[in-house]
Amino acid sequence: MDERFNGIKKFESKIWLSSPTMHGDELKWVTDAIDKNWVSTVGENINEAERLVQEMVGRKYAVGLSSGTAALHLAIRLAGEKLYGPQPANVGTLSGKKVFCSDMTFDATVNPVAYEGGEAVFIDTEADSWNMDPEALEKAFELYPDVKLIVIAYLYGTPGKIKEIRAIADKHGALIVEDAAESFGASYEGVQTGKFGDYSVISFNGNKIITGSAGGMFLTDSLSDCHKVRKLSTQAREDASWYQHEELGYNYRMSNIVAGVIRGQLPYLKEHIEAKKAIYYRYKEGLKDLPVSMNPIPDNTDPNYWLSCMIIDREALCPQVRSEKEVLYKSEPGKSCPSEILEALSYFNAEGRPIWKPMHMQPMYRNNIFITVQGIMRGRSNAYINEGTSVDVGADIFERGLCLPSDNKMTEEEQSVVIDIIHRCFR
């Protein structure tokens, strides 16, 4: 690194973006499962984890599955069957149907639409929360009034404008699959995320605020849909003494071992959120003299602060060019860019990450329809800026934003060094 960083020592132990925080109870319940020889996809840990999650979120039913992606897939399949009826196994329940999807998210949110033969139509992001823009969604319904399914994700633990989106969905008779994978424990107007969708999903991946090393939950208020997901997740075996199969199923059920880790983690959700919140506000205070801002927190939301993110003011952005896999930037005094900051953090043994690259910019989805408040755009690979206003909001956030080290085991002293590194990038 150059002389701007003189005097800073590399962290002896890596500062992670967001790693698991264990408390000891996890081992208790995993050991209990092993001692009782319940190590497969049934057992007390699964039952208890499901009960705790449905009570915490406020849903009637929860089904433990192998991942958040598995839960999304089954949610989207059920929505397709409810809207369009069962389809042959080689066709998919959304065959040829358009589905309105969050644009700025991890691809696990939208890939299940393709699994079921549907066509994702990406809805641009709004700047207030970095989630789906209700105004762009309304524009989408003007253009495609026959669409009946919306898949919405919440970014980095902050709820989107779900009340407005729910009203739009109800007006057009559409179902909502709510991807709350990143926002477990967050609330909108006092209501927990995971409660707003016709079907909702949370994740217990290794970097989430509550982890099982893997795992996810499907949430619903319908007993019949709960039973359907349990059946589909165990290869859709019929109630017969032999192995009888009448529809396509999957090996998606949660392990009782994974559920033991989750069961041990769940009592610490509020503690984890408080630690993440403290990290966010230390960044906000420590970076206030730079031409940057933190990921926005709308007034009517209470996030779980899973990841603290930062966006650089446009006039303070140094030149940066990204190809599909490589990046070039030119450092300038008083300016910086996400690539420079991430490179500096990595050099000193701290992990950051770019903002999710919007789905409409991904090679596999670049020909899909993308809708902004102005209308349809296709094949967009860079932010479209018009007279200082971003038409393609998600691409603009991707260009200027980054995720900062947000591990709740990071000490205040370590975070102060991270903040110092960021300051020096702008010298």
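The values are calculated or read from the model by the stated rules, or taken from the named source; none is laboratory data. Just so we're clear, the structure is a prediction, and the values are computed from it rather than from any experiment. So basically every Cβ, Gly included, is an ideal-geometry build from the backbone, and we count neighbours across all protein chains shown.
Take residue 230 and decide whether it is assigned by TED's automatic domain parsing to the domain that holds residue 164, in contact (Cβ under 8 Å) with a residue 60 or more places away in the chain and not aromatic (Phe, Trp, Tyr). Before you say what the answer is, go through the steps one by one.
Values: assigned by TED's automatic domain parsing to the domain that holds residue 164: yes; in contact (Cβ under 8 Å) with a residue 60 or more places away in the chain: yes; not aromatic (Phe, Trp, Tyr): yes.
In short, yes.
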Check your understanding: Take the residues of segment 172-189 that are outside any loop (DSSP other than H, G, I, E, B) and aliphatic (A, V, I, L, M): which is farthest from residue 101 (Cα to Cα)?
Key -> 175
Practice item. Tell me, please, whether a residue that is assigned by TED's automatic domain parsing to the domain that holds residue 31 and part of a strand (DSSP E or B) can be found in segment 252-261. Key: yes
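Name the single residue, out of those in segment 190-218 being in a loop (DSSP other than H, G, I, E, B) and in contact with a Pro (Cβ under 8 Å, 6 or more places away or on another chain), that is nearest to residue 49 (Cα to Cα).
Looking only at segment 190-218, we keep the residues that are in a loop (DSSP other than H, G, I, E, B), and these are 190, 193-198, 204, 206-212, 214.
With the extra rule that they be in contact with a Pro (Cβ under 8 Å, 6 or more places away or on another chain), the set shrinks to 193, 206-207, 211.
Values: 193: 18, 206: 16, 207: 18, 211: 12 Å.
Restricting to residues being in a loop (DSSP other than H, G, I, E, B) and in contact with a Pro (Cβ under 8 Å, 6 or more places away or on another chain), the top hit is 211.
So if I check each of 171, 208, 161, which one is surrounded by fewer than 20 Cβ atoms within 10 Å (Cβ to Cβ) and of a type in the set (Lys, Arg)?
On the way: 208 fails: surrounded by fewer than 20 Cβ atoms within 10 Å (Cβ to Cβ); 161 fails: surrounded by fewer than 20 Cβ atoms within 10 Å (Cβ to Cβ).
Only one candidate passes the filter, namely 171.
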Exercise for review: Mind listing just one residue for me: the one in segment 10-24 that is out of contact with any Phe, Trp or Tyr (no Cβ under 8 Å at 6 or more places or on another chain) and farther than 26 Å from residue 335 by Cβ and, of those, surrounded by the most Cβ atoms within 10 Å (Cβ to Cβ)?
Suggested key: 20
Point to revise | helices (runs of 4 or more DSSP H) (entirely within segment 10-92) containing at least 3 residues that are at pLDDT 95 or above and closer than 30 Å to residue 107 by Cβ | key: 44-57, 68-84
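I'd like to check which strands (runs of 3 or more DSSP E) are fully inside segment 262-355 and have at least 3 residues that are hydrophobic (A, V, I, L, M, F, W, C) and modelled with pLDDT of 95 or more. Break it down into steps so the answer makes sense when it comes.
Values: elements: 292-294, 309-312, 320-322, 327-329.
Once the strands (runs of 3 or more DSSP E) in segment 262-355 are filtered for at least 3 residues that are hydrophobic (A, V, I, L, M, F, W, C) and modelled with pLDDT of 95 or more, what remains is 309-312.
Here's the yes/no breakdown for (1) out of contact with any helix residue (DSSP H, G or I) (no Cβ under 6 Å at 6 or more places or on another chain); (2) buried (at least 22 other Cβ atoms within 10 Å of the Cβ); (3) aliphatic (A, V, I, L, M); (4) on the phi > 0 side of the Ramachandran plot:
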{"position": "299", "(1), (2), (3), (4)": "yes, no, no, no"}
{"position": "303", "(1), (2), (3), (4)": "yes, yes, no, no"}
{"position": "316", "(1), (2), (3), (4)": "yes, no, yes, no"}
{"position": "357", "(1), (2), (3), (4)": "no, no, no, no"}
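So that you can scan it fast, the table gives a plain yes or no per residue for (1) touching a helix residue (DSSP H, G or I) at 6+ places or on another chain (Cβ under 7 Å); (2) touching a residue at least 60 places away in the same chain (Cβ under 8 Å); (3) not β-branched (Val, Ile, Thr):
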| position | (1), (2), (3) |
| --- | --- |
| 46 | yes, yes, no |
| 58 | no, yes, yes |
| 91 | no, no, no |
| 96 | no, no, yes |
| 108 | yes, yes, yes |
| 155 | no, yes, yes |
Practice item. Please go through segment 102-143 and pick out each residue that is assigned to a loop (DSSP other than H, G, I, E, B) and among the hydrophobic types (A, V, I, L, M, F, W, C). Key: 104, 106, 110, 127, 130
Point to revise | Residues of segment 26-55 that turn out to be of a type outside the set (Ser, Thr, Tyr) and crowded, with 18+ Cβ neighbours inside 10 Å, as a count | key: 12
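Give the residues of segment 164-185 that are more than 25 Å from residue 85 (Cβ to Cβ), of a type outside the set (Gly, Ala, Ser) and touching a residue at least 60 places away in the same chain (Cβ under 8 Å), sorted by residue number. Spell out the reasoning first.
Step one: list which residues in segment 164-185 are more than 25 Å from residue 85 (Cβ to Cβ), which gives 164-165, 167, 180-185.
Subset that is of a type outside the set (Gly, Ala, Ser): 164-165, 182, 184.
182, 184 - these are the residues of segment 164-185 that are more than 25 Å from residue 85 (Cβ to Cβ), of a type outside the set (Gly, Ala, Ser) and touching a residue at least 60 places away in the same chain (Cβ under 8 Å).
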**Study point:** Residue pairs meeting the criteria (Cβ under 9 Å; at least 6 apart or on separate chains; first in contact (Cβ under 8 Å) with a residue 60 or more places away in the chain, in segment 202-221; second charged (D, E, K, R) and in a strand (DSSP E or B))
**Key:** 202/179; 203/179; 219/178
Check your understanding: In this structure, does residue 102 turn out to be surrounded by 15 or more Cβ atoms within 10 Å (Cβ to Cβ) and among the hydroxyl-bearing types (Ser, Thr, Tyr)?
Key -> yes
Exercise for review: Confirm whether residue 191 is in contact (Cβ under 8 Å) with a residue 24 or more places away in the chain, buried (at least 21 other Cβ atoms within 10 Å of the Cβ) and either β-branched (Val, Ile, Thr) or touching a strand residue (DSSP E or B) at 6+ places or on another chain (Cβ under 6 Å) (or both).
Suggested key: no
